[in-house]
Amino acid sequence: MWQVRVAPCGDFDNHPFQSAHFGVEPLAAAMGAEITGVRLPDLSDDGIASLKQALWKHKMVYLKDQHLSHGEHEEFAGRLGRFAVDAYTQGVPEHREVHPIIKEADEVTPSLFGGGWHTDSPFLAEPPSVTTLRQVEGPPYGGDTTWTNTALAFRHLSETYQAMLRPLRVHMSASNNFATQAKLRGEPIDFGDDEKREQGLKGSFHPLVRKHPETGEDALYICDTYAVGIEGMTTHEAKPIIDFLVAHTTQHAFTCRLRWQPGMVCMWDNAATMHLGPNDYDGFRREMYRTTTAGGAPV
Ligand code: SIN
């Protein structure tokens, strides 16, 4: 018999990271923070190191009024680490690491890039670590991006459930997403080349509880869009665990939601978050640019 789910309480600790290089204003109790008083191209090397520490703490950070050119965006993102090869998108001419995500005002689509809860490209053997996203133009309302803190969600599981999850490896594959998108759009996703497509379908097995490569913090590595199984389990055995973890992790209490402004730049930590951008702004143009930083194999 199901019982009423009790809202998580306790253990929320999004107090501001202290930096000599910028100000920090937390966005929500669970995660997220605005970085103030600095323009990204002006950060020194120590400032970039401090920004990364702020990102590991808050999981998603954003800055208003940056109005970066493609060149400035690429140069800033390149200071976060080596660029990843994106599984889906291609760069703009002359700035191949800066990838457009644009929905035109007259475009009506049943499926939007990034429209379901996901972490970026977890089907890769080495999924990206940090994603940056900037807005050039956006709708007057709608088009918000929401994140959830998967480290906080892990801490809110019972010790018994945590212990059960620790040895498990989750199968991340683009197979369900391919099938769903093909059904919704009436045609397959353009995945670039056959090798990328095969790799996406085959996917990768990763720890379901991963240790952050910089902080050692444990986080759930779960994904509504790409988690399709658990190593050694039948689909029937794995599905209830995946469904529970997605429902648990995406509870309101673990999330933050960003209302975009033109000129804003944000970045998130794919090792400790999921995110989604809802398809709720038909009739308005939304022009975004994104970069991804290479990550290692999750451990
Ligand atoms: C993404 O999933 O990377 C895009 C999210 C958004 O456009 O808000």
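Considering only the other residues whose Cβ falls under 11 Å of the Cβ of ALA247, what net charge follows from Lys and Arg at +1 and Asp and Glu at -1? Cβ neighbours under 11 Å give a net charge of -1. Per q in 0.11, 0.12, 0.17 Å⁻¹, report the Debye log10 I(q)/I(0) for the range 1-146, using one uniform scatterer on each alpha carbon and no solvent. So the normalised log intensities are -0.54, -0.64, -1.20. The accessible surface of the chain, taken with every protein chain in place and a 1.4 Å probe, is 52 percent carbon and sulfur. Sorting the segments 217-224, 171-178, 91-98 by their residues' average number of neighbouring beta-carbon atoms within 10 angstrom, most packed first, yields 217-224, 171-178, 91-98. Ligands, DNA and RNA are left out, and with a 1.4 angstrom probe the accessible area of the chain is 47 Å² per residue.
Working ranking of peptides 266-276, 101-111, 58-68, 75-85 by packing, defined as the average number of other Cβ atoms within 10 Å per residue, highest first, is 266-276, 58-68, 75-85, 101-111.
Spatially, the range 221-264 and the range 105-162 are offset by 9 Å when compared through their Cα centroids. Using the Cβ-Cβ distance between SER44 and ASP144 with R0 = 35 Å, the FRET efficiency computed as 1/(1 + (r/R0)^6) comes to roughly 0.65. Helix-only arithmetic for the chain: the sum of -39500 (n - 2.57) across DSSP H runs with n ≥ 4, divided by the residue total, places the mean residue ellipticity at 222 nm at -7000 deg cm²/dmol. For THR160 and GLU231, the FRET efficiency from 1/(1 + (r/R0)^6), where r spans their Cβ atoms and R0 equals 25 Å, is about 0.75. Counted by Cβ distance under 14 Å from MET233, the other residues give a net charge of -1, where Lys and Arg count +1 and Asp and Glu count -1. Straight distance only, please: which lysines reach the Cα of LYS64 with their own Cα at less than 20 Å, same-chain residues fewer than 8 apart left out? LYS64 reaches LYS52. When ARG166, ARG259 are compared by accessible area of protein heavy atoms, the largest-first order is ARG259, ARG166, using a 1.4 Å probe. The calculated Kirkwood hydrodynamic radius for the chain is 19.7 Å, given to one decimal from all distinct C-alpha pairs.
The values are calculated or read from the model by the stated rules, or taken from the named source; none is laboratory data. As the structure is a prediction and not an experimental result, all values here were calculated from the model. No Cβ is skipped: glycine too gets one built from the backbone with ideal geometry, and neighbour counts run over all protein chains shown. All accessible areas refer to the heavy atoms of the entire protein, side chains included, with ligands and DNA or RNA removed. Shrake-Rupley method; radii C 1.70, N 1.55, O 1.52, S 1.80 Å.
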